Amino acid sequence: MSSEVSSTSYIQHHLENLVFNFNDFTFSEHGFLTLHLDTLFFSISLGLFFTLGFWLVAKRVTSGVPNRLQNFVEMLFEFTQSQVKDAFHGESKLIAPLSLTIFVWVFLMNFMDLLPVDLLPLIAHSIGIEYLRAVPTADLNLTFSLSLTVFLLILYYSIKIKGLGKFAKEIATVPFKAESIWLKLLLFPANLLLRLVEEIAKPISLALRLFGNLYAGELIFILIALLPWWAQWLLGAPWAIFHILIIVLQAFIFMVLTIVYLSLACEDH
């Protein structure tokens, strides 16, 4: 029974975020104004690392034979450019940089899942930090923040490209169209409801897909860490290799769906 309790507490401890509550200025998680400090720290740090790294490459770019880092960045840039050209049918200077940022940033946050489960929590414990989760994308708050940002961009491009009047008309008359004004008014609630379901489903699916895959991966690594050392090597290495595919694929899917959703926002049909 004691081993079951210790295993349960071990799992619960690794799934607890480092939080700060603005309601009573404590490190307890209750109420609305609660920040997950570890999620903020790792996501911002990785974002700054990515931005600074790409900025340094851009400052030192050469037209001759590129070094390995420049070659890698150019390869990533060309990869995202090709995805944008294939999926985005509008015109915008923001989409390609946004797609590159999403892919690299989400990949780096996902990559934190490959670090040893106890490494960063032990380092944090040594300096007095009780809880620490190192995978930002295993936090539903962060994945929803990313998806809601995409949702706001969808609304922005829908209004910018089509105009507010045309956008409102589309909401009121699609998918059920009618010639009579009275029939249009009658069908308006159904059109509005279907449009709301369609639009709300986009950020929810983006957030839950990324969160679910990374949370499951994190949980499996924690469960493997409870096994004997030889079983950890036997199961941990194959799972880590397979998980590399997952973290790359999830970053790619988030980027591609963002491009597709923004492209749909710019189209009339």
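The values are calculated or read from the model by the stated rules, or taken from the named source; none is laboratory data. From a predicted model like this one, the values you see are computed outputs, not experimental measurements. Using ideal geometry, Cβ is built from the backbone for each residue, glycine included, and neighbour counts are taken over all protein chains shown.
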For this session: Could you run through the range 158-213 and say how many residues are under 25 Å from HIS89 (Cβ atoms) and polar (S, T, N, Q)?
Result: 4
Exercise. Can you name the residue in the range 53-74 that is touching a helix residue (DSSP H, G or I) at 6+ places or on another chain (Cβ under 7 Å) and assigned to a helix (DSSP H, G or I) and, of all such residues, is farthest from PRO97 (Cα to Cα)?
Worked result: LEU69
For this session: Could you check, for the range 37-46, whether at least one of its residues is assigned to a helix (DSSP H, G or I), of a type in the set (Asp, Glu), on the phi < 0 side of the Ramachandran plot and surrounded by 18 or more Cβ atoms within 10 Å (Cβ to Cβ)?
Result: yes
Exercise. Which of (1) surrounded by fewer than 18 Cβ atoms within 10 Å (Cβ to Cβ); (2) charged (D, E, K, R); (3) part of a helix (DSSP H, G or I) is the odd one out, the single condition GLU179 does not satisfy?
Worked result: (3)
Exercise. What number of residues within the range 188-219 satisfy the criterion of being under 20 Å from the mean Cα position of the chain (by Cα) and among the aliphatic types (A, V, I, L, M)?
Worked result: 10
For this session: Looking only at the range 182-209, count how many residues are over 30 Å from ALA138 (Cα atoms), surrounded by 14 or more Cβ atoms within 10 Å (Cβ to Cβ) and not hydrophobic (A, V, I, L, M, F, W, C).
Result: 2
For this session: Please work out which residue is modelled with the highest pLDDT, limiting yourself to the range 150-171 and to residues that are exposed (fewer than 14 other Cβ atoms within 10 Å of the Cβ) and part of a helix (DSSP H, G or I).
Result: LEU152
For this session: Residue by residue through the range 80-131, note down the ones that are under 19 Å from the mean Cα position of the chain (by Cα) and either of a type in the set (Val, Ile, Thr) or not in a helix (DSSP H, G or I) (or both).
Result: THR80, VAL84, LEU94, ILE95, THR101, ILE102, VAL104, VAL106, LEU115
Problem set entry | Qualifying residues in the range 115-130 (those that are surrounded by 15 or more Cβ atoms within 10 Å (Cβ to Cβ) and aliphatic (A, V, I, L, M)) - the one nearest to LEU235 (Cα to Cα) | VAL117
Exercise. From the list LEU33, LEU15, which one is modelled with pLDDT under 90 and under 24 Å from the mean Cα position of the chain (by Cα)?
Worked result: LEU33
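So that you can scan it fast, the table gives a plain yes or no per residue for (1) without any contact (Cβ under 8 Å) to a residue 24 or more places away in the chain; (2) in contact with a strand residue (DSSP E or B) (Cβ under 6 Å, 6 or more places away or on another chain); (3) within 15 Å of PHE254 (Cα to Cα):
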{"residue": "ARG68", "(1), (2), (3)": "yes, no, no"}
{"residue": "ASN71", "(1), (2), (3)": "yes, no, no"}
{"residue": "MET75", "(1), (2), (3)": "yes, no, no"}
{"residue": "ASP86", "(1), (2), (3)": "yes, no, no"}
{"residue": "GLY90", "(1), (2), (3)": "no, no, no"}
{"residue": "LYS93", "(1), (2), (3)": "yes, no, no"}
{"residue": "LEU100", "(1), (2), (3)": "no, no, yes"}
{"residue": "LEU108", "(1), (2), (3)": "no, no, yes"}
